[in-house]
Every structure is written in C-alpha cells, then in structure tokens.
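Structure record follows, encoded as structure tokens.
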Amino acid sequence: MTRTSMQRLALLLTAGLATVLVALALTSVSASAANFCENQRVSSIQSCFGTPRMIYEFEWARADDTGVCVGYNEVIYGACSPHAWANELAILVISGYVTPRVIGQGRLTVAHGQTF
C-alpha cells in the first residue's frame, strides 16, 4: 500500500469510529424519575397504584403524616419506611415491568412516590 492509501484508510476508520460514537451518544437510554400516587390518600387499609411501567433501579415513596410501604403489583409490603414518621422514605430496589404501589402505615395521609 502506498502512503496515500494508508492515510485514506486511517481517515476512513477514524470517521467511522466517530460516527459510531455519535450514534451511541444520541441513542443512549438514561433512567429518569416518574411520579406515581402523587398527592393520593393512603392508609393502612387503603393503597394506591401507579400506572404500569418499566422500573430500572428502584421505587420510593413518602407521606405527609405517617410512614409508608412500597410494593408492586399485588405485593403490598416490598419495603417500608423504618418508622411511622412523616416524610421518611420507603425504598424498594426492583427492576422490571410492574405496577408500583404505596400503602400507608396507619391513619389516612397523602402519599408521594417516584420510580427510577
């Protein structure tokens, strides 16, 4: 191969690699937060379901007046906040297509949940 051919080949490979890197950067999937059961009332006998979704990392919830538990589908108590205190997080590590769920720990309270 001549020197010109080698330079063209190197340029072509560099351009191809740059194209692949740009395509990967543009199509990368990043997990983003999605709310569920926002401002919905829950208690120890009344739960709230979010819309079915793909969860990549975890879900969490908190409530204004008491602790809460998070689950998915029909699993009520996947994880609960350590105490029945307001604004204490209940965090469940999960991955898959599920219906997120929040249930209160006691009296009626307002829930706030997110999935990632």
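The values are calculated or read from the model by the stated rules, or taken from the named source; none is laboratory data. All values derive from a computational prediction rather than experimental measurement. Positions of Cβ are backbone-derived with ideal geometry, glycine not excepted, and every protein chain shown enters the neighbour counts.
Restricting attention to region 85-116, report how many residues are loosely packed, with under 15 Cβ neighbours inside 10 Å, touching a residue at least 60 places away in the same chain (Cβ under 8 Å) and of a type in the set (A, V, I, L, M).
1
Looking at region 72-116 only, could you name the residues that are among the charged types (D, E, K, R) and in contact with a strand residue (DSSP E or B) (Cβ under 6 Å, 6 or more places away or on another chain)?
We begin by selecting, within region 72-116, every residue among the charged types (D, E, K, R); these are 74, 88, 101, 107.
Arg101 - this is the single residue of region 72-116 that is among the charged types (D, E, K, R) and in contact with a strand residue (DSSP E or B) (Cβ under 6 Å, 6 or more places away or on another chain).
Step by step: first the residues of region 33-53, then only those that are in a loop (DSSP other than H, G, I, E, B) and of a type in the set (A, V, I, L, M), then the one that is nearest to Ser95 (Cα to Cα). Which residue is that? Don't jump to the end; show me each part of the working.
Quick first cut of region 33-53, residues in a loop (DSSP other than H, G, I, E, B) only: 33, 43-46, 50-52.
From the residues that got through so far, the ones that are of a type in the set (A, V, I, L, M) too are 33, 45.
Working: Ala33: 14, Ile45: 26 Å.
Going through the qualifying residues, I end up with Ala33.
Just to confirm my filter: which strands (runs of 3 or more DSSP E) fall fully inside region 54-116 and include at least 2 residues that are within 15 Å of Ser43 (Cα to Cα)?
So the answer is 58-63, 68-72, 75-80, 100-104, 109-115.
For region 30-45: of the residues being more than 17 Å from the chain's Cα centre (by Cα) and exposed (fewer than 12 other Cβ atoms within 10 Å of the Cβ), which is modelled with the highest pLDDT? Walk me through it before giving the result.
Initial filter on region 30-45 (more than 17 Å from the chain's Cα centre (by Cα)): 39-45.
Cutting the leftovers down to exposed (fewer than 12 other Cβ atoms within 10 Å of the Cβ) gives us 39, 45.
Numbers: Asn39: 96, Ile45: 92.
Across region 30-45, the extreme among qualifying residues is Asn39.
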